[in-house]
Structures are given as structure tokens and as C-alpha cells.
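Scroll down for the structure; my scribbles are underneath it.
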Amino acid sequence: MKKWNSIVACAVGSALIFSMPAFAYVGASNTRNINAPIHIHAANQDWVTHVLPTGRIVSPVGLVNGAPNFVTAVVPLGDRIAAIANGASRAQTITLYDQQTLHRVTEIAAYKKNAKKAAPMPTDVTDLHGEALGHQSFFQGMAVGPDHVLYAAGGDSSDVAAFTLQMGKPTLLRRYHLAWQSFPKDQYPYAYQGHHIGKPRLFYPDAIAVGPRNRHLYVTGLLSNSLARINIQTGHTRYRDVGPYPFAVTLADEGKKLVVSLWGGNAVAVVDPATMRVLGTVRVGPPTGPHHTAAGVHPTALAAVPHSPDVFVALANIDRVAEIDSADLRVKGFINDSPYPDAPPGSYPDDLTITDGKLFVANAGNNDVAIYNDQTGKGLGLIPTGWYPTAITHAHHALYIAAAKGLGSGPNVEHQWVGNMMDGLVQKVNLRDMAFHLPAWTQESLDHDGFTPAQRAARHAEDVKTTAFLRKHIHYVVFILRENKTFDEDFGDDQAAGAWADPHLDLYGPKELPNLYHLVRHNTLFVNFMADGEVTAQGHQWTTAASDSDFVQRTWPEYYSGRGLVANPGWTQSLIPGGATGTGGVPQGVDNPYAIYENLSALGQWSNPWISYPARLFLFNDLLSHRVSFEDFGEFVSRSQAGNISKAMDQHLATGFPGWDRMILDTYREKMAVNWLKAHPGAKFPHFVYIWLPDDHTAGRKSCYYTPDYYVANNDYATAKFIHYLSTTPEWKHMVVFLTEDDAQSGADHINAHRTFALAMGPWVKKGYLETNLYSQVNILKTTEATFGLPPMSQWDQNASVLSGIWTKHPDYAQTTVLPMQVPVTFNAGTCNHYTLLRREAGATGHYLIANEMAWYKRHQTKNGAGLPAPGKVDSYTPTTLLKVPGPEQMKQEWIASKGGKSYAQVMAYLKTYSAQKGAPVKAYQAGEKE
């Protein structure tokens, strides 16, 4: 089978503007939403053309209509198209569209608890005549039987829901319950990865196939490593272990085979549908096992070749599509789904469909559909889509494509952002017209991603100049990561920022952030700087890998909306109940006292993050392999499948550095980091330092915790002290320090809800300079790579620009200043139990309530109450609970705690007026929401 080497040989065009003119991101094109079908043509193309945080452009073609956030599957249903949406919201939905017109026809809403009447979504139909279900969830998959019964995978509700249309209205026929199945202890992920304390374990239905003669349903169980066969008439169910994280299932070889993709197994399983016997597995990636350290290839979507035993398998993490023979149990070949020769990963093939002798591949990373000859694998062209296309199907000479994030973020009318605030998009492309349009569409797709040879050459030429400067003057890079703030939240009152700042939205100012305001006057402030992800789960991968994996993208909405899955973007945490002295794990807030666990066996049952890793792992891996010295204070790193960190990597980790513990303050974290650096002077001083200072996240109004104002002030002071120490070292003469946030989900912003801020500091950085070009977190990584000669990790950092325009030829080696805190130590009001008081006392002096500090614990236990009981859920603050407090709720709690209820009412009134003037909802400017 031929690889698609390139379709860009003759592509030309101007360089993609990753660094854009002032206010380029604030165009009116980002204020619209699609609430009715739109036929896209030359006259209205600009209306659906949007700039993404990375500077890439989306501009879908054909016929489009809006959809709920994060659509994950589309299927034909008679003369309808069904789209299932799986966003982080109160309800998941199945929306039915008219195949011909894409008008919305009806909708099914599933609620975790009791069914509710959902607020109507702006739509082209006055009444969708929908169905609302209580105690129901939807996950990723759907299937349709020959009798036009629609089946939906239930995920957290561990069932399959069957629907029929009666008089155009969906009606629930029945629910098929599925039971959790144990799997071998030596099979990845080695332990159940769902929430189960006080809850039943879940099968977690993911994908569905309807068997021959409409007798059985075949359903994958994500948390059971199993395939279920359900008798449609009787409900009788058989189960079979098939391997790690089964994703999709399809019939092949005229119905004689079932093929199951194994998301966590680098393989597909082939099963006899009659006997449920596993006939064998076909490897589509390297063999895996406990000691395997490379990232997985992520076999996901499947497309069976009609009248053949062959099946195409999307390898979402490595930009390949494998073709396997389900009869001979072998790989026949691979299609290279990269957009240009030797491209690093980033296309992220997320779904497949076959029709008219062509294989269509939905590339979530590149916002397009790639087309291949299904016999030769030759690349034929590209179709532009919305942001992050996750699903594709065909019917009646048309393609139907779903983009999970629609037209992106910004002040779009009714656009959902962060979690559930970006509307999705359903797109119809007429196959009969495709040949005529395909050359132009292909060119447009490449140009919008910045992938044409001319664009890449222009960026490279510019980067060469800046890189030469960096190699000469910058030998040390420090990356400081903080938590969740928008630009306006911290700099809304900064008059020097001019129109880039809105004082009405300023939550923290010079009183809480005296050092931050001082630093920006003497360094470079990026005022048009975007977070690449929406939430923490993504943010910590974007800031360390220049990407987030398909696994993280598809699963974080589940755990952010409390739907059964354990949070798993890269951290490792205990999953068993813990005692008051720190044994075990949840529900205490000390289940992860250290950012990086050294002894996983002490956790008992733990979350296994290997499946979440992007293909080329993290910046730390590149630093290690290229022998660039570094020290990591607080960020996760890659592990083997069994959860072990290599000895070589371990040498660069501050394993005693505090992790997510709200009672440990950043001033203690700063002290630990400075003491370590003082102990490693001269040649021992690392060339790259990464430090996580998370206290500006705050704990909201949580009783007995520090107030938001104090957390922010402490974080500001700790940051300044750390930078000051760096400025006293000999290495300062050749150092740059970058400071930014992991995401922008806790406040309001008048330009874009993805906008946060970044600072560049050091002798070779311009002083008092406002950088207005559009940049994102990926540009910091690209600049770090250029400094040390590291290769790109993804298509995003390869095609991002090295930061330029911020450097000076006249260095200022002066030490930085530390201004004192202006906020006294204060605590939130409320009743404090003994355990919380003990934690607070321990944290104030850098202690943890864990087994190796029993002496400290016993000395202080009597003081705060002997016979201390185990904490309840009120203390359940773990690395992945407080981090997931909804953005609007974070904003509300912090604003009321900092400025009072009256001020909060005033800012919300202002937002209402401002959004009305801009023709957008309040949520377009407010923090992201996890409902």
C-alpha cells in the first residue's frame, strides 16, 4: 500500500500568521454562532472563518449547522442524521437532523440524575419535540439497526439505550444494562480506572455494532476491557475479555468477524461473533507490557471494507491508518496521514468512513478530512472542517462530518467555551460536487494550517534569525506555570495595557499582585496570549508536549462532569480510601502530597496515565535524550505502562516537591526550589527549570482554607522571590524566564475566553514592552526548543514561530525586586473540623499528614483532638477535584471572597450589558463552565 507522501508539492501561498497584528484576534468573525443551516459559498465564507488560539484558521465548506458541544459520533437514521454530543455538561444529547437540509428535527437529552427540561438552544426549529431521560448518560458510540432502531452507548450509566421514532418523536424502547467485568491483573491498565468508592464498578459502554440478522448488539466496555454480546429480544448478555481499553467494534468479512480496536493495547482483537471466541490479535504498533515506555499508537476508529475481510484502523496518536486482514490476522499496510513529508504527529485521525472507493479520514488535529484511494492508499485531497472533527459518516451521496469544537472560541453568539461552551458543528459535503472543488479545498486546508511549503519556508527563515540570537545569548530557560487566570482577571486594571485591558473585569490588582505589576513594567508582557487547551487536564499537556492526546480530549469531559471515569491526563494518584493519618488515598486532600510519586506500590490501587501520553511524550524526554540538564519542580513526567519512572529521568525530578495540597503554600514551594538550586551551583545548575506554583488557583470560599486574596498574594510573593533568586545567580546573565497560566478558565475576559497572559523576563528581554502579536503556550515551547536545539514534539510546535520582537541587544543585568505582600493571612469563614485545622497547621510548616511524618502527627493530634476520625467528603480536595471546580463557579467564589457580593452583582451586570452590545452571551467572555 502506498503512503500519501505529499499533496503540497505545488501548494503556494503566504505564510500563516502565527504572530498576528494587534487586535487581529478580536475580529467580528468570532462573534457569530450557527443556529440554522448555512450553505457556504464565496460571499459568506468569511462569516464561518475563525482564528484558533494557535493562529490556525477554520473555515468549513458545504452545508453546516450548529450542534451541542463535543459531538463524538454521527450515523444515518432513515432520512435523518443522528449526532451524539458528549461535552462536559449537565446533559448529553442526541440531535437528529434532516439529511437533505440539516435542519434540526428533534433531540434526546440524557441527565445523570432526574430528567430536566433543558433551556432551549437557539435553533432553526421552534420545538424539537425531544425526549428527556433521567439516570442516563451517553458516551461516544451509536449504531442503527435495519429496523431503524437507534442504539446509544451509555458510558457512566453502564447501559445501551434503544430508541425508535414515532410520529417523528424519539421514544425510548428499552435499556440494556451491562455489568462490570474483571480483567487479568497483568493486563493494562492493571486496575479498574473508574470511581468506585461507595459506587458500583462500571462496564462503561463505548461503541456499538448491530450483528447479522439484527439479533445481537456487540458493545465495547471501556472500563472492563471487555466485549458484550446482547440478545436484542431477550437482553441476555455474554461477555469476553478482549484487551486494554476497547474503543470501537465493527463487523467484517461478510459478518463472520468482529474487529475491536484496543485504545490501550497497540492492537486490534478479532472475535468470532457466533461463539464470542477471540480468534487472535493483530499488532498495529510495538508490543506493549509493564516495561513499555513509548506512548501508545491509539487504535481507535474502524472502517470495514465492503465484501472483504479487510478493516482500516485509525492510529490516532501517530497519524497513521492501518489496514488489517481479519481473516489472516495480519497487517496489510499503513497509510501515512501526515500533511507533509516527515511531519511530526498532530493530524490525529479520529474517525473513518468508506464510500465510492475512497477512504475518508477525519483529522481532529488538522481540522480537515483527508481522502485516500481505498485500494492504493494514494492521497487525493482534503476537505476543510470545523475545529476538531471527531466523527464522519456517509449517506445518499453525501458526507456528514461533526466537529467537536465547531468554529472555536471567542465572543460567538451562544458559543459554549471551556468544557461545554463551544458549540459543535455538523457539516454536509455533496460527494457529486467534490471532484470539482477538491483542488481548491485542499489548498485552503493546507494554507489555513500553515502547511504549504512557502509558509513553512518563510517561518523557518524568520526563526533562523531569532534562533541565532538565542543560541548566542540564552543558555538557561526557566518556565513558571501558574493556574487558571484570564488576562483581564489579573490585568484588567492595568492602564498601560490600554484597550487590551478591561477594568470592569479586573479581580486582582496591584494590592494582591504588586510584584506581577512591577515585573511587567520592567519586562515584556504578552497581551494577546492564548491558552491552547480549555482546562487543566489539557493545559499541562500543552505546556509540556505542545499538544494533548486524543485520549485526553475525549475523556476529560467525562470526569469534569462527574461521569465515572478517573481523571487521567498525566498525574498518578491513589484510588483507594485513605485513613486520617495519610494512609491510602482519597478522599483526603493529602492523597498526593508530592507532585511525583516515587513508590507506586504504596498507593495500592492507582490511576495509570500511560494511555494519556501524546506520541512523542514530553519536553522532559527530549531534554533527557539530548543531554540538556534540567530540573522539574511539580510537573508530571512519562512513566512505563506499569507506572515506573526511568532512573535517568528520576535524576531530574524534585520528587519531594509539594503537589496539589491547598494547605501547602507557594512560599514553601519556592523555598524548596531555591534551596535545591543553591545546592547545585555552577556546572550543576540546570539549563532548564520547570516549576509549578499553583496557589493563584485558590480554594474559592471553601471553609477554613486561605482566602482567595491571600492565596493570590502568596503566589505573587513566591513567584517574585523565585525570580529574584534567579537574578542573583551567575546564570542570570544568559537566562530567560517565562511565566504563564495553564489555562484561562477562572475569570472573565473581554477579548477571548482562551486569553491569559505571559511574561518574558531576563537581561536580554525588552523592558516595559507590550507584545501584541498573537502567541500561545506552544510558542514558548518552540522558543525553548530553538534555544537548546531540540526537535519538535508535534505539528503545533514545528509550525509555531520562535518568539521574536521581544529581545534586546542591550542587556540589563540588574537584580529583580521583591515587594512585600499587602494582604494579611486570612481564612475563609466557616466551621473547621479538627482534621482541617491539623492539615492547615501542618501545611503552614511544610509537613504532610502521611506515614513518614507520624511523629509530627502524634505531637499535634492531641492538641487538635485525640481519636481523630477519618475525614468525610467535605475534605475531598485532590489533584483532580478542586482543579475541576467550574470556571464560572471559580470566578463567582473568588470575586465574592475578594470584592463582595455587591461587586459581583455589578460585574455580572456589566458583562450582561457588554455581551449584549457585542451580540454575544455572557458566557462568551466568562470563565469556562463544567456544569
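Just so it is clear, none of the values below were taken in a lab; they were calculated from the coordinates. These figures come from a predicted structure and were not determined experimentally. Backbone-built Cβ (ideal geometry, glycine too); neighbour counts: all protein chains shown.
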(Q) Suppose R0 equals 51 Å. What FRET efficiency, 1/(1 + (r/R0)^6) with r the Cβ-Cβ distance, do Asp98 and Thr376 give to the nearest 0.05? (A) 0.90
Q) Among Thr452, Thr467, Thr385, Thr655, which comes first, second and so on when ranked by fewest other beta-carbon atoms within 10 Å? A) Thr655, Thr467, Thr452, Thr385
Q. So, in nm, how far is label His177 from label Arg213 when the simple model puts each one 7 Å beyond its Cα toward the Cβ?
A. 2.9
Q. If we restrict to alpha carbons, what Rg and Dmax does the range 205-261 come to, in Å?
A. 10.6, 29
(Q) Give me P(r) over the range 155-203, computed from all C-alpha to C-alpha distances, binned every 10 Å, as integer percentages. (A) 22, 35, 24, 14, 5, 0
Q | FRET E, pair Asp356, Asp147, Förster distance 35 Å, beta-carbon r, rounded to 0.05 | A | 0.85
Q | Computed label-point distance, nm, for sites Ala458 and Lys902 using a 7 Å Cα→Cβ extension | A | 5.5
Q. Quick one: net charge of Arg662's neighbours, Cβ under 10 Å, K/R +1, D/E -1?
A. +1
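Calculate, for Lys472 and Asp433, the FRET efficiency according to 1/(1 + (r/R0)^6) with r their C-beta to C-beta distance and R0 60 Å; round to the nearest 0.05.
E(calc), rounded to 0.05, equals 0.65.
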Q: Counting residues in the range 427-559 as N, plug N into 2.2 N^0.38 Å and put the Cα Rg over that result.
A: 1.48
Q) Taking θ as phi - 60°, what are the ³J(HN,Hα) couplings along the range 637-650 by the Karplus curve (6.51, -1.76, 1.60), each to the nearest whole Hz, with x for Gly and Pro? A) 10, 6, 10, 6, 4, 7, x, 9, 9, 4, 4, 5, 5, 4
Q: Can you tell me the alpha carbon radius of gyration of the range 348-485 divided by the globular rule-of-thumb value 2.2 N^0.38 Å?
A: 1.35
Q: Starting from the Cα-Cα distance between Gln605 and His396, subtract it from 0.36 nm times their residue separation and give me the gain in nm to one decimal.
A: 70.3 nm
Q) Once the other residues with Cβ under 15 Å from the Cβ of Met672 are scored (Lys, Arg +1; Asp, Glu -1), what is the net sum? A) -3
Q | Net charge over other residues, Cβ less than 12 angstrom from the Cβ of His475 (K, R count +1; D, E count -1) | A | +2
Q.
Within the range 142-174, name every residue whose backbone N is under 20 Å away from a label modeled 7 Å from Cα of Asp79 along the Cβ vector.
A. 144-150, 164-171
Q) Over the Cα atoms of the range 203-315, what is the Rg over Rh ratio if Rh follows Kirkwood? A) 0.97
Q. What translational D, rounded to a whole number of µm²/s, comes out for the range 320-418 from Stokes-Einstein when the hydrodynamic radius is the Kirkwood one over Cα pairs, at 20 °C and 1.002 mPa s?
A. 147
Q.
How long are the semi-axes of the equivalent ellipsoid of the range 711-803, taking √(5λ) for every eigenvalue λ of the Cα gyration tensor, in whole Å from largest down?
A. 22, 22, 12
